[in-house]
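Presented below is the structure to which this report refers.
The values are calculated or read from the model by the stated rules, or taken from the named source; none is laboratory data. What you see is a predicted model, and the numbers here were worked out from it, not measured in a lab. We place every Cβ from the backbone using ideal geometry, glycine too, and count neighbours over all the protein chains shown.
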Ligand code: OGA
Ligand code: MN
């Protein structure tokens with residue numbers, strides 16, 4: 001946790017390999033597969049403004065609602081991170097939302113920010129990767145940028161890795177994978 005806090009305060013992003021237990025990651029992957037039929041084309045925006053824009057992103061998603069043991073355990077671990085961040089950084093994060101995401105081969109999510117400046121709604125973004133045995137040639141990197149648009153890093157979606165970054169400050173993009181790429185994207189929010 002110390003490393004995450006240092007990274008977030010120093011540069012706004014952190015990558016932690018093998019952050020979650022492999023058994024939990026495997027259970028989450030299985031849970032996603034069991035719920036595959038319920039996953040729907042991801043949208044942009046919220047509420048009434050939610051629109052499917054498959055030229056921007058073409059993954060399918062499903063909100064975690066704690067309906068399985070694996071989901072509950074994952075949300076519990078993420079909540080512990082939220083509480084630690086509040087304690088260290090006084091961010092006033094009051095809730096979590098998280099969804100499964102599946103990118104089919106060739107899928108993508110073009111460069112975007114998860115939260116618009118000043119909105120202070122989604123404050124911290126998290127991504128956890130689920131698909132076992134990911135290799136460099138499978139692609140599907142998450143690319144992080146700074147505010148000026150310079151590339152900061154390229155992260156291979158290795159199962160068990162947690163990526164965490166400040167939602168307003170880090171534009172990012174998902175490059176097309178060569179095989180199905182499963183993850184959980186999540187956000188810590190504060191009251192708008
Ligand atoms: C997102 C997102 C990154 C990833 O869902 O907003 O940026 O690596 N996901 O899956
Ligand atoms: Mn994003």
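As an exercise: evaluate residue 111 against (1) within 14 Å of ligand 2 (Cβ to nearest atom); (2) in a strand (DSSP E or B); (3) within 13 Å of the chain's Cα centre (by Cα); (4) touching a residue at least 60 places away in the same chain (Cβ under 8 Å) and give the number of the one condition it does not meet.
(3)
Select, from 57, 30, the only residue that is within 23 Å of residue 169 (Cβ to Cβ) and surrounded by 13 or more Cβ atoms within 10 Å (Cβ to Cβ). Steps first, please.
Details: 30 fails: within 23 Å of residue 169 (Cβ to Cβ).
57 is the lone residue from the list that is within 23 Å of residue 169 (Cβ to Cβ) and surrounded by 13 or more Cβ atoms within 10 Å (Cβ to Cβ).
Scan (1) farther than 13 Å from residue 166 by Cα; (2) surrounded by 12 or more Cβ atoms within 10 Å (Cβ to Cβ) for the single condition residue 133 breaks and write down its number.
It is condition (2) that residue 133 fails.
Please go through region 160-175 and give me each residue that is farther than 17 Å from residue 141 by Cβ, within 13 Å of the chain's Cα centre (by Cα) and touching a residue at least 60 places away in the same chain (Cβ under 8 Å), ordered by number. Break it down stepwise before answering.
Here is the first cut: in region 160-175, the ones farther than 17 Å from residue 141 by Cβ are 166-169.
From the residues that got through so far, the ones that are within 13 Å of the chain's Cα centre (by Cα) too are 166-167.
The answer is 166, and nothing else.
Report yes if some residue within region 30-46 is under 13 Å from residue 186 (Cβ atoms) and at pLDDT 95 or above; otherwise report no. Explain how you work it out, then say what you get.
Initial filter on region 30-46 (under 13 Å from residue 186 (Cβ atoms)): none.
Scanning region 30-46 turns up no residue that is under 13 Å from residue 186 (Cβ atoms) and at pLDDT 95 or above.
Failed condition for residue 111, given (1) near ligand 1 (Cβ under 10 Å from one of its atoms); (2) buried (at least 17 other Cβ atoms within 10 Å of the Cβ), with all others met?
All conditions are met except number (2).
If I go through region 66-99 residue by residue, how many of them are touching a residue at least 24 places away in the same chain (Cβ under 8 Å), closer than 29 Å to residue 27 by Cα and either part of a loop (DSSP other than H, G, I, E, B) or away from ligand 2 (no atom under 14 Å from the Cβ) (or both)?
Keep residues of region 66-99 that are touching a residue at least 24 places away in the same chain (Cβ under 8 Å), which gives 68-71, 73-74, 77-78, 81-82, 84-85, 88-89, 91-99.
Those left that are additionally closer than 29 Å to residue 27 by Cα: 68-71, 73-74, 77-78, 81-82, 84-85, 93-99.
Among the residues that remain, those that are also either part of a loop (DSSP other than H, G, I, E, B) or away from ligand 2 (no atom under 14 Å from the Cβ) (or both) are: 68-71, 73-74, 77-78, 81-82, 84-85, 93-96.
Number of matching residues: 16.
Okay, residues lined up against (1) more than 16 Å from residue 99 (Cβ to Cβ); (2) at pLDDT 95 or above; (3) touching a helix residue (DSSP H, G or I) at 6+ places or on another chain (Cβ under 8 Å):
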| site | (1), (2), (3) |
| --- | --- |
| 140 | yes, yes, no |
| 145 | yes, yes, no |
| 151 | yes, yes, no |
| 155 | yes, yes, no |
| 159 | yes, yes, yes |
| 167 | no, yes, no |
| 174 | no, yes, no |
| 179 | yes, yes, yes |
| 183 | no, yes, no |
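Which of the following residues is within 14 Å of the chain's Cα centre (by Cα), outside any loop (DSSP other than H, G, I, E, B) and more than 12 Å from ligand 1 (Cβ to nearest atom): 143, 124? First the steps, then the outcome.
Numbers: 143 fails: more than 12 Å from ligand 1 (Cβ to nearest atom).
None of the others qualify; the one that does is 124.
Name the one entry in 116, 102 that is under 15 Å from the mean Cα position of the chain (by Cα), within 15 Å of ligand 1 (Cβ to nearest atom) and closer than 21 Å to residue 174 by Cβ. Outline the logic, then answer.
Details: 116 fails: under 15 Å from the mean Cα position of the chain (by Cα).
Unique residue meeting the criteria: 102.
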